[in-house]
1. Considering every Cα-Cα pair within segment 7-109, what fraction, in whole percent, is farther apart than 21 Å?
2. Taking the number of other C-beta atoms within 10 Å as the exposure measure, put R10, R100, R59 in order starting with the fewest.
3. Among K16, K57, what is the fewest-to-most ranking by other Cβ atoms within 10 Å?
4. Relative contact order for segment 7-109: what percent, with Cα pairs under 8 Å and sequence separation of 6 or more?
Amino acid sequence: MPAKPEPWCRGITPLKAKQIKCAVEATCELCHEYTPFSLLELHGIPAVPRPEKPLPKERECHIIVVCSTCHQHIHELPVPEEKLQALIEERPFALRKEIRGILGYVPKSYSPPNDTDLSLVFDETLRSSSAGYYR
Ligand SMILES: [Zn+2]
Ligand SMILES: [Zn+2]
């Protein structure tokens with residue numbers, strides 16, 4: 001385990017790290033072994049400093065969840081960045097979205113107060129666009 005947080009992983013709280021590990025179903029993305037949370041680590045690619053506040057979308061493409069053994073290999077062998085990047089690109093869409101959500105502080109609210117207003121707006125849009133269509 002590296003002594004200091006990797007550039008891409010800065011600002012990820014232990015809670016968020018755990019949520020990301022949860023999102024990948026506690027499985028190392030490199031060796032695909034089921035691993036307890038305590039042995040899963042986040043690795044940032046590449047391991048060089050980048051702009052201070054990357055966008056969640058951008059960030060998601062640079063963070064991979066690995067077990068401590070794989071993490072050690074990544075840093076010691078090293079494992080080619082292209083290989084790790086390819087693994088990240090293979091993530092299912094839903095998983096990418098979930099990780100971005102965790103990184104991007106997206107609040108999960110299932111009962112927004114203006115729910116009905118939104119659907120009204122949507123109806124209006126539909127009506128006006130179809131009216132235009134029949135002209
Ligand atoms: Zn592993
Ligand atoms: Zn690392």
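1. Working: 1446 of 5253 pairs.
I get 28 percent for the Cα pairs in segment 7-109 exceeding 21 Å.
2. Ascending Cβ contact count within 10 Å gives the list R10, R100, R59.
3. Numbers: K16 16, K57 13.
Ordered by Cβ neighbours within 10 Å, fewest first: K57, K16.
4. Details: 119 pairs, mean separation 34.5, N = 103.
Relative contact order, segment 7-109: 33 percent.
Just so you know, all these numbers are worked out from the coordinates, no wet-lab data involved. Since we're looking at a predicted model, the values are computed, not measured. Positions of Cβ are generated from backbone atoms using ideal geometry, with glycine treated the same way; all protein chains shown enter the neighbour counts.
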